[in-house]
Each structure stands twice: as C-alpha cells, then as structure tokens.
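The values are calculated or read from the model by the stated rules, or taken from the named source; none is laboratory data. The structure displayed is predicted, hence computed values, not measured ones. Here the Cβ positions follow ideal geometry from the backbone for every residue, glycine too, while neighbour counts run over all protein chains shown.
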Amino acid sequence: MTEKPNSLWAEEIAKLCEEYEIDTTEFPMKKEPLNQLINNKSIINIIDKMNEESTQKSKKEHWIKRKDNIKPGVRQEYMCRLGRKQCGAIIRVRSSMMVTKTNMPGKFNNRNCRMCKRDMEETQEHILQHCEDIRKTTQQIQNYEDIFKEEDIENLKKAANIIIKITETVEDRPQ
Ligand SMILES: [Zn+2]
C-alpha cells in the first residue's frame, strides 16, 4: 500500500448502507460488520481484512481505484435527484456490494458467470457491461466507469435503472 487510505470513505459507505438499507450481512468482511468499521475510523483495517483473504484481491483493487472519485461528507448531487432505489443501485456498485460471485466468494462454489457459463468471472463489470448472455435480453451499461462519475446525472439515472434490471435478471438465474 503506497497510497494514503481515506478513512472517511469507509465511514461514508457505512452511513449510506444504513441510510439505504443495503443488506451487508453477506458482505465478505462480515467478520467485522460495517457499522463497527465506523468506529475504527480507518480504512486500513478494511484493507488489512481484504489482504487476509486472497480471493478479495479484485475487491481491494476496486476499492483503491474508486475511492478518489468520492468526496466524503459531501452529499452528492445524484442522491438528491435519483430515487431511493436508484441511489441504492449506484451505491451498491460503487461499494462492490452488488450480489455477484466475485463480491460474495463465501456464498458461491465458483466464480464463473452464471449467465453466459463461459470462463468469465462474474464481476460487476462483466455482468453490467460485457456478459453476452445478458446482452441478448437486457440493456447493458455502455461504459462501466460512468457509474463512478458525477458529471451527467441523467446518465447516472439511466445506469441505475439498468443496474436494477440486470440485478433482477441475474438473481432469477440459478447459480
Ligand atoms: Zn457472463
């Protein structure tokens, strides 16, 4: 770890999870629930926990890569302009809490995409943008990175609706 971790990011996520009633019980760090992380005041603890579990490597990288886009303590504009369900969808993706196999390794036997059944890992980015099976029936995100941007709220709203639809599609499919 060469970057200085941003402890407020963890607090912000924990707060948002509570506010939007996001279920964190299946979150891979469940040894230490998110509400306790608020008290730790440090994302170093989270990253240490992630380091303990090698399967969490992609999640850790995801976290480090994204945190710079979030301004802690500032209510972002999208939260005022998107509905509750849409906000929840955006927050879930931004905090790697969408129910995908790579996000919830303890819950599944393998990491292969349940939709296309190819040798593709079931990551958020795969199912939201690249999965060819999902593409046949459901609109996908054109650019996964856009979910992490704030510039165009209308785009974010569209992305949120796509996330909601794809989540339903994936959840209906047996693992
Ligand atoms: Zn797939």
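Please find, within segment 151-169, the residue that is surrounded by the fewest Cβ atoms within 10 Å (Cβ to Cβ) out of those that are among the charged types (D, E, K, R) and either in contact with a Cys (Cβ under 7 Å, 6 or more places away or on another chain) or within 17 Å of GLY88 (Cβ to Cβ) (or both). Break it down into steps so the answer makes sense when it comes.
Of all residues in segment 151-169, those among the charged types (D, E, K, R) come to 151-152, 154, 157-158, 165, 168.
From what's left, either in contact with a Cys (Cβ under 7 Å, 6 or more places away or on another chain) or within 17 Å of GLY88 (Cβ to Cβ) (or both): 157-158, 165, 168.
Numbers: LYS157: 16, LYS158: 16, LYS165: 16, GLU168: 10.
Residue satisfying both the conditions and the ranking: GLU168.
Within segment 62-81, is even one residue modelled with pLDDT of 75 or more and surrounded by fewer than 20 Cβ atoms within 10 Å (Cβ to Cβ)? Even if it seems obvious, please write down each step before you answer.
Start the filter on segment 62-81 by keeping residues that are modelled with pLDDT of 75 or more, which leaves 81.
Among the residues that remain, those that are also surrounded by fewer than 20 Cβ atoms within 10 Å (Cβ to Cβ) are: 81.
Scanning segment 62-81 turns up at least one residue that is modelled with pLDDT of 75 or more and surrounded by fewer than 20 Cβ atoms within 10 Å (Cβ to Cβ).
Can you tell me which condition GLN36 does not meet? The list is (1) in a helix (DSSP H, G or I); (2) modelled with pLDDT under 75; (3) within 27 Å of GLU151 (Cα to Cα), and all the others hold.
Going through the list (1) in a helix (DSSP H, G or I); (2) modelled with pLDDT under 75; (3) within 27 Å of GLU151 (Cα to Cα), GLN36 breaks only (3).
Among the residues of segment 90-138, write down those that are within 10 Å of the ligand (Cβ to nearest atom), surrounded by 18 or more Cβ atoms within 10 Å (Cβ to Cβ) and farther than 26 Å from LYS157 by Cβ.
Selection gives CYS113, ARG114, CYS116.
Where in segment 74-175 are the helices (runs of 4 or more DSSP H), entirely inside, with at least 3 residues that are more than 17 Å from the chain's Cα centre (by Cα) and not polar (S, T, N, Q)? Reasoning before the result, please.
On the way: elements: 77-81, 84-94, 132-137, 153-172.
Answer list for segment 74-175: 77-81, 132-137, 153-172.
Could you please give the count of residues in segment 124-144 that are aromatic (Phe, Trp, Tyr) and closer than 17 Å to PRO174 by Cα?
So in segment 124-144, the residues aromatic (Phe, Trp, Tyr) come out as 144.
If we keep only those that are closer than 17 Å to PRO174 by Cα as well, we get none.
Of the residues in that region, 0 qualify.
Right, LYS158: more than 25 Å from GLY83 (Cα to Cα) and assigned by TED's automatic domain parsing to the domain that holds MET97 or not?
No.
Residues that are modelled with pLDDT under 60 and within 19 Å of GLU121 (Cβ to Cβ): does segment 91-106 have at least one? Give the derivation first.
Filtering segment 91-106 for residues modelled with pLDDT under 60 gives none.
So far as segment 91-106 goes, no, none of its residues is modelled with pLDDT under 60 and within 19 Å of GLU121 (Cβ to Cβ).
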